[in-house]
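Down below is the structure, laid out as structure tokens.
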Amino acid sequence: MRAESPGPQHEWLDADAGPVVRPYTLTGGRVRPPVDGFDLLAFVLTTPAAEPAGAPGLQPEHRRLVELARRPKAVADLAADLDLAVGVVRVLLGDLLAHGFVAVHRPPATAYLPDDNILKAVVSGLRAL
Amino acid sequence: MDSVRYDREPAASRVPLALKILIAGGFGAGKTTLVSALSEVRPLQTEEVLTGAGLGTDDVSGVEQKSTTTVAMDFGRITINDDLQVYLFGTPGQDRFWFLWDELAFGALGAVVLADTRRLADCFPSIDYFEQRGVPFVVGVNCFEGSRRFGLEAVRDALDLDPDVPLVLCDARDRQSGKLVLISLVEHVARQRGEPVPVG
């Protein structure tokens, strides 16, 4: 990734903001996936029939995602594993979803609270760390 | 979640339940230290298109003209068991990255606000945010070497905390201490269960 001149002065741009980059080169400039639902903690699972090797238009990063998601992986984990920005990974996952290569399991809705048994399991799990 | 828990499904393909906990606080309050004391920490890059105006969900025209800024967040994961994982997200410290908080707060179990008694006011925005959104939180007073030791009640008064919000002393470098902060949060969430869940 190459640092770019910020162009017109923007109030957010300084050393703290990090380099101004073009991470969306990988996605051909697309910044939004065609579908929503790739929450940071949505889990992605490669479908059994996925054969990305023969699919046109897929990049090495697509194929790495397919490999990583042979076991369920959270979107945030995939982004960290690939060292790619979350938004880029979302677009790539949208491509894979369109091909039917992955399934997405969305996390529970906003007002969801896990039941007491789950909270107790978390507390005892934390104590055991 | 029942749909992903068929008996015949091999354990390797079961989708775990993932709980999200945010680690917030002012710049330098110890967020990174706490996340790394509790879990393997990895940077997670997120980014925002700076010229967002007119960029609808499906509108990708002219993207090549736009710049993005990359923000790295601290990201950790604690595996409780095969079916249950706790994800920690260190919130971006600078105020101008508030737009990232809404996504982070979405569906979060709760938050830890780290307070540094040398700069107590730095954690006010985090406390305001979680109060307004109805996100359960606890305040961890990070005891830095050389920081003045205040009484917990003095800190509670200074932060104008509701009486039911737990306030605990901690050392963000220490795993045991960090665990106790997270446990106090989960117990706080459990206590709130009987109360109406804020919409929103």
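The values are calculated or read from the model by the stated rules, or taken from the named source; none is laboratory data. Keep in mind that what you see is a predicted model, and the values were worked out from it rather than measured. Please note: Cβ atoms are built from the backbone with ideal geometry, for glycine as well, and neighbour counts cover all protein chains shown.
In region A:105-129, how many are at pLDDT 95 or above and within 25 Å of A:Tyr24 (Cβ to Cβ)? Residues flagged as at pLDDT 95 or above and within 25 Å of A:Tyr24 (Cβ to Cβ) within region A:105-129 amount to 0. For residues in region B:121-130 being surrounded by fewer than 17 Cβ atoms within 10 Å (Cβ to Cβ) and either among the aliphatic types (A, V, I, L, M) or touching a residue at least 12 places away in the same chain (Cβ under 8 Å) (or both), which is farthest from B:Phe99 (Cα to Cα)? Within region B:121-130, the match that is farthest from B:Phe99 (Cα to Cα) is B:Ala121. Restricting attention to region B:103-151, the residues being assigned to a loop (DSSP other than H, G, I, E, B) and either farther than 24 Å from A:Pro108 by Cβ or not aromatic (Phe, Trp, Tyr) (or both) number 15. The criterion of being among the small types (Gly, Ala, Ser), part of a loop (DSSP other than H, G, I, E, B) and at pLDDT 90 or above holds for B:Ala172.
Residues are listed down the side, and each one gets a yes or a no for (1) at pLDDT 90 or above; (2) more than 10 Å from chain A (Cβ to nearest Cβ):
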position: B:Val15; (1), (2): yes, no
position: B:Leu19; (1), (2): yes, no
position: B:Val35; (1), (2): yes, yes
position: B:Val41; (1), (2): no, no
position: B:Gln65; (1), (2): no, no
position: B:Ala72; (1), (2): no, no
position: B:Ile78; (1), (2): yes, no
position: B:Leu88; (1), (2): yes, yes
